[in-house]
1. For the range 61-69, check the following and say yes or no: at least one residue is touching a Ser or Thr at 6+ places or on another chain (Cβ under 7 Å), within 30 Å of Arg87 (Cα to Cα) and in contact (Cβ under 8 Å) with a residue 12 or more places away in the chain.
2. Only one of Leu81, Leu68 is under 15 Å from Met1 (Cα atoms), under 15 Å from the mean Cα position of the chain (by Cα) and either surrounded by 10 or more Cβ atoms within 10 Å (Cβ to Cβ) or not small (Gly, Ala, Ser) (or both). Can you tell me which?
3. If a residue must be surrounded by 15 or more Cβ atoms within 10 Å (Cβ to Cβ) and either small (Gly, Ala, Ser) or in contact (Cβ under 8 Å) with a residue 60 or more places away in the chain (or both), how many such residues does the range 26-56 contain?
4. Identify the single condition in (1) in contact (Cβ under 8 Å) with a residue 60 or more places away in the chain; (2) surrounded by 16 or more Cβ atoms within 10 Å (Cβ to Cβ); (3) more than 29 Å from Phe89 (Cα to Cα) that Gly74 does not satisfy, given that it satisfies every other one.
5. Restricting attention to the range 70-86, which residues are touching a Ser or Thr at 6+ places or on another chain (Cβ under 7 Å), in a strand (DSSP E or B) and under 27 Å from Gln16 (Cβ atoms)?
6. Provide a single number: the residues in the range 21-51 that are farther than 15 Å from Thr64 by Cα and of a type in the set (A, V, I, L, M, F, W, C).
7. Could you check the range 57-69 and list, in sequence order, the residues that are assigned to a helix (DSSP H, G or I), closer than 14 Å to Gln33 by Cβ and touching a strand residue (DSSP E or B) at 6+ places or on another chain (Cβ under 7 Å)?
8. Name the residues in the range 33-56 that are in contact with a helix residue (DSSP H, G or I) (Cβ under 6 Å, 6 or more places away or on another chain) and assigned to a loop (DSSP other than H, G, I, E, B), would you?
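Any read-out appearing in this document is the output of simple, stated calculations on the displayed coordinates, not a laboratory observation. Remember, it's a predicted structure, so these values are computed and weren't measured experimentally. All Cβ positions, glycine included, derive from the backbone under ideal geometry; neighbour counts span all protein chains shown.
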Amino acid sequence: MPTYVALIKFTPKGIQHIKKSPSRATQFRKEVQRGGGRVHQIFWAMGTYDGVLVFDAPGDEVATALMLRLAGKGNVKTETLRTFNEREFDAVLKRM
């Protein structure tokens, strides 16, 4: 199952309701599970990004739907990266 890393930035609405961020994270975990995926880790961060999500999803379409649903709530903006482990990347290289 593909793994994704989503970089999160809070919107003004997200900052206004920052104390609800842990409960929103719990909701995100549930939504990923309903989509057939799994959350590996949720981090809150300092710096350019306010958070990092590491999760598996059955495919790009499901991952995209999850990120659109999350961003659509108005609390965060996301930038999502599709990652490849060593075995997956080796398979990519063999197609060259």
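1. We begin by selecting, within the range 61-69, every residue touching a Ser or Thr at 6+ places or on another chain (Cβ under 7 Å); these are 63, 67.
Filter again for within 30 Å of Arg87 (Cα to Cα), leaving 63, 67.
Still in the list and also in contact (Cβ under 8 Å) with a residue 12 or more places away in the chain: 63, 67.
Yes; the residues of the range 61-69 include at least one that is touching a Ser or Thr at 6+ places or on another chain (Cβ under 7 Å), within 30 Å of Arg87 (Cα to Cα) and in contact (Cβ under 8 Å) with a residue 12 or more places away in the chain.
2. On the way: Leu68 fails: under 15 Å from Met1 (Cα atoms).
Of the residues listed, the single one that is under 15 Å from Met1 (Cα atoms), under 15 Å from the mean Cα position of the chain (by Cα) and either surrounded by 10 or more Cβ atoms within 10 Å (Cβ to Cβ) or not small (Gly, Ala, Ser) (or both) is Leu81.
3. The qualifying residues number 3.
4. Tallying (1) in contact (Cβ under 8 Å) with a residue 60 or more places away in the chain; (2) surrounded by 16 or more Cβ atoms within 10 Å (Cβ to Cβ); (3) more than 29 Å from Phe89 (Cα to Cα), Gly74 fails exactly one: (2).
5. Passing the criteria: Val76, Lys77.
6. Within the range 21-51, residues that are farther than 15 Å from Thr64 by Cα and of a type in the set (A, V, I, L, M, F, W, C) number 6.
7. Of everything in the range 57-69, just one residue is assigned to a helix (DSSP H, G or I), closer than 14 Å to Gln33 by Cβ and touching a strand residue (DSSP E or B) at 6+ places or on another chain (Cβ under 7 Å), namely Ala63.
8. Restricting attention to the range 33-56, the residues satisfying the condition of being in contact with a helix residue (DSSP H, G or I) (Cβ under 6 Å, 6 or more places away or on another chain) are 35, 39, 42, 55.
Hit for the range 33-56 is Gly35, nothing else.
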